[in-house]
1. Give the residues of segment 76-86 that are loosely packed, with under 10 Cβ neighbours inside 10 Å and in contact with a strand residue (DSSP E or B) (Cβ under 8 Å, 6 or more places away or on another chain), sorted by residue number.
2. Evaluate the following for Ile14: is it of a type outside the set (Lys, Arg) and outside the structural domain of Ser89 (by TED's automatic domain parsing)?
3. Within segment 13-59, track down each residue that is closer than 17 Å to Val83 by Cα and surrounded by fewer than 10 Cβ atoms within 10 Å (Cβ to Cβ).
Amino acid sequence: MNEKMLTRTKASYILEISDKTGIHKRDVSLVVSSFINALTKSLVKNERIELRGLGVLKNKRRRARIARNPRTGDKVQVDERLVPTYKPSSLLKRRINKPS
């Protein structure tokens with residue numbers, strides 16, 4: 001599986017949606033940006049986000065720990081923090097792994 005992975009950008013999705021729906025790019029961009037902002041606000045409030053068919057976004061707590069600075073080798077205290085995570089839905093996993 002040494003296939004080169006393509007990277008999609010927000011702009012490429014906006015263009016695709018605009019082309020398929022006939023909605024002006026400016027309007028699609030506003031909707032997409034608003035959606036991303038709404039997701040971000042939910043994660044900031046530590047809310048769980050479930051998008052059926054896509055997966056779940058939520059924050060996970062990382063415990064405080066002692067780490068090492070790779071350059072100097074010095075010990076560094078890393079505080080407890082929240083890290084956003086994504087878990088794909090079983091439907092998405094099946095669609096990705098479906099034989100072509």
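The values are calculated or read from the model by the stated rules, or taken from the named source; none is laboratory data. The structure displayed is predicted, hence computed values, not measured ones. All Cβ positions, glycine included, derive from the backbone under ideal geometry; neighbour counts span all protein chains shown.
1. Hits for segment 76-86 are Gln77, Glu80, Val83.
2. yes
3. Selection gives Lys45 alone.
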